[in-house]
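Taking it in order: structure first as structure tokens, then the write-up.
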Amino acid sequence: MKRGLRITLILAFGLPLGFILVIGLIALADGNFGAAATDYYEGGRGYAVYRPEGNPDNAPAVLLVHEWWGLNEEHLVKARRLADEGYVVYSPDAYGGKLAKGVPGALFLTFTQDIEDIHGRIDRAYNAMLNDPMVDPDRTAVAGFCFGGRQAMMLGIRDSRPEATVTFYGSGLVTNPDLMGSLGDNGPVLGIFGEDDASIPLDEVAAFRSALESRGTDYREAIYPGVGHAFVNRFYHGFTRFL
């Protein structure tokens with residue numbers, strides 16, 4: 001891991017390097033690492049692609065970024081369902097083939113993956129989506145869940161091309177308007193959060209909202225009552241209808 005990234009992680013999360021290494025050892029001992037299945041994508045391109053039935057021309061497209069587990073089947077269920085609604089869906093493998101099977105593995109991958117590599121993999125998938133002959137490049141959005149929700153936000157910050165940006169309970173919300181780059185410059189931003197999410201308190205959501213509105217961004221928000229973090233998955237009671 002690059003020295004600058006290690007220092008940033010320690011300062012940002014208050015975790016000593018030794019703790020991160022212990023988490024990694026626990027993950028290894030528990031078999032919490034795996035490799036993303038090769039049938040998720042062809043030729044090492046690093047992303048899965050799902051297309052709507054009939055392969056329509058000039059279709060809208062969504063870059064859908066996975067949670068901190070990696071590009072797993074749970075995420076691909078969401079991608080396929082979105083394709084069923086008429087969208088071309090690109091799902092980048094932000095971890096470059098690595099997959100976490102449990103919380104220790106996810107923590108270790110989150111703390112040790114180089115952020116520039118993550119951004120590079122996501123950007124390559126987004127550029128491939130824009131150049132897809134089936135896709136209308138003027139109707140593209142980026143969305144993601146948890147880790148992916150933050151990455152969707154960060155893509156919107158560094159790239160002005162998305163027509164819409166959606167963060168499903170993305171952690172580490174940027175609340176300083178001076179650091180928001182091009183987020184929302186080309187289309188609306190939608191934030192989706194759980195009322196009882198301890199990792200993203202509502203005052204942080206409010207600060208995110210305030211920062212976007214101070215820039216004149218078209219920001220829309222949905223806060224679901226009585227739910228915590230990561231509620232859009234098949235395992236969260238009451239939200240199986242999303243899948």
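Annotations
- Of all residues making up region 154-187, the number that are charged (D, E, K, R), surrounded by fewer than 16 Cβ atoms within 10 Å (Cβ to Cβ) and touching a helix residue (DSSP H, G or I) at 6+ places or on another chain (Cβ under 8 Å): 1
- Meets criteria (more than 16 Å from GLN151 (Cα to Cα), assigned to a helix (DSSP H, G or I) and either open to solvent by 20 Å² or more (accessible area, probe 1.4 Å) or in contact with a strand residue (DSSP E or B) (Cβ under 8 Å, 6 or more places away or on another chain) (or both)) for ALA83: yes
- Top-ranked residue in region 165-188 [being of a type in the set (A, V, I, L, M, F, W, C) and under 14 Å from the mean Cα position of the chain (by Cα); ranked as nearest to GLY226 (Cα to Cα)]: PHE168
- Leading residue by the ranking (modelled with the highest pLDDT) among those in region 23-56 that are crowded, with 17+ Cβ neighbours inside 10 Å and in a helix (DSSP H, G or I): TYR40
- Looking only at region 189-201, and only at residues there that are in contact with an Asp or Glu (Cβ under 9 Å, 6 or more places away or on another chain) and closer than 16 Å to ALA230 by Cβ, the one that is most open to solvent (accessible area, probe 1.4 Å): ILE192
- All positions within region 210-236 that are buried (at least 19 other Cβ atoms within 10 Å of the Cβ) and either among the aromatic types (Phe, Trp, Tyr) or under 13 Å from MET153 (Cα atoms) (or both): LEU212, TYR219, PHE231
- Residue list for region 183-234, filter: without any contact (Cβ under 8 Å) to a residue 12 or more places away in the chain and farther than 24 Å from THR140 by Cα: PRO201, ASP203, ALA206
Per-residue answers, yes or no, for (1) crowded, with 23+ Cβ neighbours inside 10 Å; (2) over 21 Å from HIS229 (Cα atoms):
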residue: ASN58; (1), (2): no, yes
residue: VAL65; (1), (2): yes, no
residue: VAL88; (1), (2): yes, yes
residue: GLY96; (1), (2): no, yes
residue: ALA100; (1), (2): no, no
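- Of residues in region 131-153 being hydrophobic (A, V, I, L, M, F, W, C) and either in contact with a helix residue (DSSP H, G or I) (Cβ under 7 Å, 6 or more places away or on another chain) or surrounded by fewer than 17 Cβ atoms within 10 Å (Cβ to Cβ) (or both), the one farthest from GLU221 (Cα to Cα): MET134
- Number of positions in region 113-140 that are assigned to a strand (DSSP E or B) and not charged (D, E, K, R): 3
- Here LEU109, LEU63 are screened, and the one residue that is assigned to a helix (DSSP H, G or I), touching a strand residue (DSSP E or B) at 6+ places or on another chain (Cβ under 9 Å) and not small (Gly, Ala, Ser) is LEU109.
- Of the listed requirements (1) modelled with pLDDT under 95; (2) part of a helix (DSSP H, G or I), TYR236 misses just one: (2).
- In region 43-65, the residues that are at positive phi form Cβ pairs under 8 Å with partners that are part of a strand (DSSP E or B), at six or more places apart or across chains, as follows: GLY46/PRO92; ASN58/VAL135; ASN58/ASP136; ASN58/ARG139.
The values are calculated or read from the model by the stated rules, or taken from the named source; none is laboratory data. Just so you know, these numbers come straight off a predicted model, no measurement behind them. Every residue, glycine as well, gets a Cβ built from its backbone with ideal geometry; the counts of neighbours run over all protein chains shown. Heads up: the accessible areas ignore ligands, DNA and RNA and are worked out on the full protein's heavy atoms, side chains in. Shrake-Rupley method; radii C 1.70, N 1.55, O 1.52, S 1.80 Å.
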